[in-house]
1. Search the structure for amide H atoms under 5 Å from the amide H of TYR346, placed 1.01 Å from N in the peptide plane, and list their residues when 5 or more places away or on another chain.
2. Pull up all non-local amide H partners of ILE212: gap of 5 or more, or a different chain, and H-to-H distance under 5 Å with H placed in the peptide plane.
3. How far, in nm, would the chain grow between GLN202 and ASN507 when pulled straight, counting 0.36 nm per residue and subtracting the alpha carbon separation?
4. Compute the FRET efficiency between LYS313 and TRP268 as 1/(1 + (r/R0)^6), taking r as their Cβ-Cβ distance and R0 = 41 Å, and round to the nearest 0.05.
5. Working from the alpha-carbon coordinates of segment 487-544, get Rg over Rh, Rh being the Kirkwood radius.
6. Straight-line reach from LYS510: which lysines have a Cα under 28 Å away, not including same-chain ones fewer than 8 places off?
7. FRET efficiency for LYS232 and LYS182, Cβ-Cβ distance as r, R0 = 25 Å, nearest 0.05?
8. Through the Karplus equation 6.51 cos²θ - 1.76 cosθ + 1.60, θ set to phi - 60°, convert the phi angles of segment 604-612 into ³J(HN,Hα) values in whole Hz; use x for Gly and Pro.
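The values are calculated or read from the model by the stated rules, or taken from the named source; none is laboratory data. The structure displayed is predicted, hence computed values, not measured ones. Backbone-built Cβ (ideal geometry, glycine too); neighbour counts: all protein chains shown. Please note that ligands, DNA and RNA were not included when accessible areas were found on the heavy atoms of the full protein model with its side chains. Shrake-Rupley method; radii C 1.70, N 1.55, O 1.52, S 1.80 Å.
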Amino acid sequence: MKSYNHQKIEKKWQKVWDTKKTYKTASPNKKKKFYVLDMFPYPSGAGLHVGHPRGYIGSDVYARMKRMSGYNVLHPMGYDAFGLPAEQYALEHKIHPRKAVEKNIKTFRSQLDKIGFSYDWSREVNTTDPEYYKWTQWIFLQMYQSYYNVEKKKARPISELVRTFAKTDPSWKTYTEEEKEKILMKYRLAYEGYSEVNWCPQLGTVLANDEIVDGPNGELLSERGNYPVEKKSMRQWFMRITAYADRLLDGLGGLTWPEHIKEIQKNWIGKSVDENGATTYTMRDAIFARQRYWGEPIPLMHKNGTIIPLEEKKLPLTLPNVTSYEPIGTGESPLAGVSAWVKAGYETNTMPGWAGSSWYFLRYMDPKNKKALADKKALAYWRDVDVYIGGAEHATGHLLYARFWHMFLHDIGVVPTKEPFKLLKNQGLILASDGRKMSKRWGNVINPDEIVKTYGADTLRVYEMFMGPFDQSLPWSTESIIGSRRFIEKICRLESKVVTKYSIDSNDSKSIDKAVHKIIKKVSDDIEGFAFNTAISAMMVFLNDTEKFPEISKEHFKKFLQLVAPFAPHIAEELWYELGEKKSIHISAWPKYDARKVVDEEITIAVSVNGKVRSEITIPRTLDEESIKKQALADAKILPWIEGKEIRRVIYVTGRLVNIVA
């Protein structure tokens, strides 16, 4: 490569990948599936800062390796766009929430595209799309029409309970519909009630516990805006998550999740035995209502004191187009001020922000389906998320609610698995250089667009994976990013040494061959273990080692490029095509190593006298124990320490140490 023009190369390949649909996920087939998922973002008006892509880059590296390893990979992206932040942004900027969301999504998509992710954008979901939230409403209705059968330990239709009451309670037939409804409401998995809530007058909505913070004097404040929060009794909708408490606890045992996340969920559920021997839980049923406009409408109607669920054919119940969506001052939702909505009898509360995110991972499996949330065949093929990547702050919110909804959907026969996420990985934060979280408030935000423009997307990707362990929080340093840029430039220079066949000494070519097989094993193992920083470090060492040789074979260089490809997809693709390849490197087969070539023929072991290391010896790996002991005793650095002394014992620790007791 004559010169490395990252802007030209990256724009070129992003366009090619988009045109050729390089990352489009195949429909269910005979290939083994692998589902790699990021926790989808809320598209804020501020856009991405350099901390946001860290988890996305890690998952992308992993997904790319799996794709090259022959799996049918599902690696999608979408937007969690309902909720309080979007509504507040819209109010502050005097723009309709839908317009605000559309604008913000456009910004996010542009930023994500510049970084070169291998998402299948044809599967994009948006929780505010009526075709999406139709199925959020459908799930709510199934919960409303279900109760938890304690004996069977699963959800069952409420109609079964009605039949039981009719058989066992002689008075049941004499009750009015309103009286029956009050009784059934005590059993429904989605139910209406009253609760003391965290009410924020300025925001005009109820806040969840994780949406409030303690003020300097111990007062309650909203996390967003730091507005005063007070306690208030209000009509709410609830989800009976407590019915699933034991299953939520038991299910943790089969999950490959960070132990501290499991522990947080266990503590949140808080199962214990009181003094009387009764089992108690600290977890309470989840409030499932917000007094705001920008949320999924709850598909129920109030008529003459009874509640009527909407028929499925009438879904989605869409938000009305209104000129004002500001709080109406009574604590009720702005929908309570829309006369046509109230006249029709529709529920005025909307769903909470976590509703759409509690099942979105299923919609990616079959995002265009108009007859079901996903086709049975698609659900049976993709089953569950193999690797889920996101922040640890979601331990008691999203991760708990998603498990609860999934268990319910399993109960009613919609999904084939009991748990949604097999393996969970948490990425650490990228802090600002001042050690604080990046925030507009502190003026310490770094925009990834500027980094991509100056250094390149591949450099950004490599740097964020090389900074340190994936799960640790680390400070950003623009000064340090140059090392990742130089790594890519070295790869470009190595291309000039590529030959079809080695002409160098056979021992040198064997050394390179051995190094290639070793680096294949190292990078493969490290990506599998999310140890991206050590994989990059090993590739840097490989580059330095190969610099001392005048040439590298085309086959060896191609294998190295395949290892680089998940981290720096643009330059890997460019060099791959310069070598004469006609198909994308990202759909080529991941290189395999020869197990015999990754084992060193010689090993170095320590030699100690009376427990203190005095020398090292290099020996053939297959040398027998007696010969190793003799070589240790004859070592020039050891002789002065044992001269004139009786050798009482010589102990050999296989492959590590010879200890001479004298």
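1. Correct list: HIS302.
2. GLU223
3. Taking GLN202 through ASN507 to full extension adds about 102.3 nm, to one decimal.
4. 0.60
5. Values: Rg = 12.9 Å, Rh = 12.6 Å.
Using Cα coordinates only, the ratio equals 1.02.
6. LYS490, LYS497, LYS501, LYS518, LYS521, LYS522, LYS548, LYS554, LYS558, LYS559, LYS592, LYS597
7. Step by step, r from the Cβ atoms, then E = 0.60.
8. 10, 10, 7, 10, 10, 10, 6, x, 10
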